[in-house]
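Q: Provided herewith is a single structure, encoded as structure tokens, for subsequent inquiry.
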Amino acid sequence: MAMRFRKDIQGLRALAVLLVIVFHSNIETFSGGYVGVDVFFVISGYLITGLLLKELKDTQGIQFKSFYSKRIKRILPLSLVVTVSTLFVFSLVLSPLETKELSKTGLIASVFSSNLWFSYLATSYFGSENHLNPLLHTWSLGVEEQFYLLWPAVLFLFFQAFGFRKVKLLIIILIIISIFIFLTQFSNNVPQAFFSPHTRAWQFGFGALIHFLPQLKPDYRYTPSAGVGAGLTLIVLTSLLIGPEFNSFAAYAIPPTLGAMMVIYFGEKNNAFSTILACRPLVFIGKISFSLYLWHWPVLVFFQFSNHSLSSSNLFLAYTIIALLSIGSFYFIEETFRHSSIIKQERTALIAGISIIAAGCFASFGFYAFSKFELNSPAQRKIESVQFGGVNTGNCISKIEETELIVCEKGDVKSERTLVLFGDSKAQQWIPELSDIAATRGWKLLTVVKAGCPPVLMDVYLSFLGREYKECASWKVEALKHIELESPDVIVMTHFGGYAPMINGNKVKGSYDVWQKGINNLFERFSTFAPTVLYLPDNPMFPVDIPTCLSRKVGGDIDIQPDACGFSLSDMNSHHNVKKAINNLLFDNVVVMDLIDNYCPNNFCPAVSNGEIRYSDHHHLSKQYMKEISPIMDDKLVKIFSNLQQ
């Protein structure tokens, strides 16, 4: 397919960026608007491959310096401005802790690798913990840049080895491999599947493959309109019908990718839908789409950070600012650098690119150093040093993607008195203290713990994975077999209370009955071999991340005020479904130890007690606080074991 400037593709760009913007604006109608990024990948695959194929055909080679210098002038200057501006503005409003973490993202984004960084951190793009990260959107820019970096070399080497006619085969093979990897990773680990370049390569491949499809025959009068119309329908319907928690690969990824491919392929011939896409407003939005994409998310995050929500008036003001920044950036940054006579030479452009990347890294490091300086007060140092109660116990838990049972022996491992700790990360936070208690009292402690997996006998949805947590169900089967074989004297059980139960593959709302059935079924099984079960209801969940909140409140103060970041119990998530489910337990061997009066004395839940920070995030207890409440656990267990001996 011959390459020419096509206004309808600019219109398709406009549709893609508008879908992303309305999705990030929390407009529920477009809950799947993030598929706009999938459309961008197809467009890039089509355009870049078309340029490279033409050059290979005409010159039997690729001018790599020319290719990379054009990408540098097109992308790097504005990326630097947006990254540094974002770091500067948010360093004025974020806590030192947040600025430190954001500057790390800025550093990685400056070398166009933030997608790999988020993948490494197992970040969920849709997770609530990331909705205020103003550089989260740079992940897609990382994927694009990695495509630009590698694809010309891959195409050139394959062309040299096998000739032009075999390039189509290369693209098909890469598409098949990429989709296979994506399918495999998607079923096991959403962050890696979402952010990784090798799991996105097939979408670029779909765009590249358009150049090898047969040209439309002139006598097929209505085919172009039907094809473009169907493609647009696939894109728009996907954005309307799916949401962040939709976990079907086919429904999530294939329709918008195939839709974009159809719009580009059938749009080669004049038709009604392509004429609409080629209208002046959409062409203009498509022209400034790169600026719109880079600016929209930091601006929307700033408004969310300042106002906690995006009202209609806030959205109007935010959209106005985004539009002004984008138009200004396009004309004064994008166009200026693209047509600059100073960096017209390829060598100069490459040097400028390296300098821009270095400047971004230097600025990010500067903000990191500034945040570390702010964290130097005694109060900020204490906040920064707060640790999860289960710190350094990772070797004793089964990871999310694992089904293997990992059991650690702690305390007096030769003792005939056995204590089992059973649960998820809420059980993990008890491992160090229970280990000390067991060692002191002469008991053997066995830890049976899996991340994100409640021991209750029910299936659950795990938002981190975006699907039913099947690994948890498999692990629980083996865990219960092992515990029964051990026949312990006491089982200490605790877990997070906010899981979403699933029945027949569907999430259940109003889940009290499901929780009650799952808990009763588990305790009924325990009653056949365990003399006593000590059940700890989950601690209340704060509406904010405690170290971050304290870091904002404390500022440069020396001390942390006792009431800083404390909340009324009514403002906390106390997981009422679980509380209600355990109120009517029918098992004499189950002892419930609810520490709510310790967590929230007089219905007020402090974030700080005795000068120590209680939580390591918004719902996990800190190492310092675990030491404070461990005597309560010690006393309770001593009484239980004493009763067993009588």
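The values are calculated or read from the model by the stated rules, or taken from the named source; none is laboratory data. None of the values given here were measured: they were computed from a predicted structure. As a convention, Cβ positions derive from the backbone with ideal geometry for all residues, glycine included, and neighbour counts pool all protein chains shown. Only protein heavy atoms, including side chains, enter the accessible area calculation; ligands, DNA and RNA are left aside. Shrake-Rupley method; radii C 1.70, N 1.55, O 1.52, S 1.80 Å.
Q: Tell me which residues, restricted to segment 384-396, are touching a Lys or Arg at 6+ places or on another chain (Cβ under 9 Å) and either open to solvent by 80 Å² or more (accessible area, probe 1.4 Å) or in a helix (DSSP H, G or I) (or both). Walk me through it before giving the result.
A: Let us first name the residues in segment 384-396 that are touching a Lys or Arg at 6+ places or on another chain (Cβ under 9 Å), namely 384, 386-391, 396.
Within segment 384-396, Glu384, Cys396 meet the criteria.
Q: Is there any pair with a first residue in segment 56-85 that is open to solvent by 60 Å² or more (accessible area, probe 1.4 Å) and a second that is among the basic types (Lys, Arg) whose Cβ atoms are under 9 Å apart and which are 6 or more apart or on different chains, and what are they?
A: Filtered contacts from segment 56-85: Lys65/Arg347; Lys70/Arg338; Arg74/Arg338.
Q: Considering only residues that are buried (at least 19 other Cβ atoms within 10 Å of the Cβ) and small (Gly, Ala, Ser), look in segment 343-383 and name the one that is farthest from the chain's Cα centre (by Cα).
A: Top of the filtered list is Ala349.
Q: How many residues are assigned to a helix (DSSP H, G or I) and at pLDDT 90 or above when one looks only at segment 98-134? Write out each step before concluding.
A: Going residue by residue through segment 98-134, those that are assigned to a helix (DSSP H, G or I) are 98-110, 114-120, 128-130.
Checking which are at pLDDT 90 or above leaves us with 98-110, 114-117.
Number of matching residues: 17.
Q: Condition first: open to solvent by 40 Å² or more (accessible area, probe 1.4 Å), within 21 Å of Tyr68 (Cα to Cα) and either part of a helix (DSSP H, G or I) or modelled with pLDDT of 95 or more (or both). Can you find one or more residues in segment 138-145 that meet it?
A: no
Q: Here are Cys549, Cys472: which of them is under 27 Å from Tyr599 (Cβ atoms) and without any contact (Cβ under 8 Å) to a residue 40 or more places away in the chain?
A: The unique qualifying residue is Cys472.
Q: Name the residues in segment 525-544 that are farther than 24 Å from Asn602 by Cβ and modelled with pLDDT of 90 or more, would you?
A: Arg525, Phe526, Thr532, Val533, Leu534, Tyr535, listed by residue number.
Q: If you don't mind, another one. Checking Arg441 against (1) of a type in the set (Lys, Arg); (2) within 22 Å of the chain's Cα centre (by Cα); (3) within 27 Å of Ser616 (Cβ to Cβ); (4) open to solvent by 10 Å² or more (accessible area, probe 1.4 Å), which test does it fail?
A: (2)
Q: While we're looking at this one, here's another question. Every residue in segment 410-428 that is open to solvent by 10 Å² or more (accessible area, probe 1.4 Å) and touching a Leu at 6+ places or on another chain (Cβ under 6 Å), please.
A: Matches in segment 410-428: Lys410, Gly411.
Q: Residues Ala153, Ala122, Ala109: which one is among the small types (Gly, Ala, Ser) and either open to solvent by 60 Å² or more (accessible area, probe 1.4 Å) or under 15 Å from the mean Cα position of the chain (by Cα) (or both)?
A: Exactly one of Ala153, Ala122, Ala109 is among the small types (Gly, Ala, Ser) and either open to solvent by 60 Å² or more (accessible area, probe 1.4 Å) or under 15 Å from the mean Cα position of the chain (by Cα) (or both), namely Ala122.
Q: Can we say Phe206 is open to solvent by 30 Å² or more (accessible area, probe 1.4 Å), among the hydrophobic types (A, V, I, L, M, F, W, C), modelled with pLDDT under 95 and touching a Gly at 6+ places or on another chain (Cβ under 9 Å)?
A: No.
Q: What is the number of the single condition among (1) part of a loop (DSSP other than H, G, I, E, B); (2) at pLDDT 90 or above; (3) not hydroxyl-bearing (Ser, Thr, Tyr) that Val591 does not meet?
A: Failing condition for Val591: (1).
Q: Here's a follow-up. Do the conditions hold for Asn521, that is, is it out of contact with any Leu (no Cβ under 7 Å at 6 or more places or on another chain), closer than 20 Å to Val420 by Cα and not charged (D, E, K, R)?
A: no
Q: List pairs: first residue in segment 363-375 and closer than 17 Å to Thr548 by Cβ and of a type in the set (Lys, Arg), second residue at pLDDT below 95 and open to solvent by less than 50 Å² (accessible area, probe 1.4 Å) anywhere in the structure, Cβ distance under 9 angstrom, at least six positions apart or on different chains.
A: Hits for this filter: Lys372/Pro96; Lys372/Lys100.
Q: Here's a check for you: in segment 305-337, which residue that is of a type outside the set (A, V, I, L, M, F, W, C) and crowded, with 19+ Cβ neighbours inside 10 Å is farthest from Glu98 (Cα to Cα)?
A: Ranking the qualifying residues of segment 305-337, first place goes to Glu334.
Q: Something else: Looking only at segment 397-409, which residues are open to solvent by less than 30 Å² (accessible area, probe 1.4 Å) and either in contact with a Pro (Cβ under 9 Å, 6 or more places away or on another chain) or over 28 Å from Pro547 (Cα atoms) (or both)?
A: Correct list: Cys408 only.
Let's see how each residue does on (1) touching an Asp or Glu at 6+ places or on another chain (Cβ under 6 Å); (2) farther than 29 Å from Gln345 by Cβ:
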residue	(1), (2)
Val39	no, yes
Leu51	no, no
Glu55	no, no
Gly61	no, no
Phe64	no, no
Ser69	yes, no
Leu80	no, no
Leu87	no, yes
Phe90	no, yes
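Q: Going through Phe641, Phe604 one at a time, which residue ends up being open to solvent by 40 Å² or more (accessible area, probe 1.4 Å) and among the aromatic types (Phe, Trp, Tyr)?
A: Phe604
Q: Give segment 569-588 a look and list any residue that's in a helix (DSSP H, G or I) and open to solvent by 30 Å² or more (accessible area, probe 1.4 Å), or say none.
A: Leu569, Ser570, Asp571, His576, Asn577, Lys579, Lys580
Q: What number of residues in segment 475-488 are open to solvent by 60 Å² or more (accessible area, probe 1.4 Å) and either assigned to a helix (DSSP H, G or I) or among the acidic types (Asp, Glu) (or both)? Spell out how you get there, then give the answer.
A: Step one: list which residues in segment 475-488 are open to solvent by 60 Å² or more (accessible area, probe 1.4 Å), which gives 477-478, 481, 484-487.
After this cut, where a residue has to be either assigned to a helix (DSSP H, G or I) or among the acidic types (Asp, Glu) (or both) as well, the list is 477-478, 481, 484-486.
The qualifying residues number 6.
Q: Condition check: closer than 30 Å to Glu471 by Cα, open to solvent by 20 Å² or more (accessible area, probe 1.4 Å) and modelled with pLDDT of 90 or more. Does Ile176 satisfy that?
A: Answer is yes for this residue.
Q: To continue, here is another question. Within segment 609-624, identify whether any single residue is open to solvent by less than 60 Å² (accessible area, probe 1.4 Å), more than 29 Å from Val456 (Cα to Cα) and not β-branched (Val, Ile, Thr), and answer yes or no.
A: Yes; the residues of segment 609-624 include at least one that is open to solvent by less than 60 Å² (accessible area, probe 1.4 Å), more than 29 Å from Val456 (Cα to Cα) and not β-branched (Val, Ile, Thr).
Q: Only one of (1) within 29 Å of the chain's Cα centre (by Cα); (2) outside any helix (DSSP H, G or I) is not met by Phe316, so which one is it?
A: (2)
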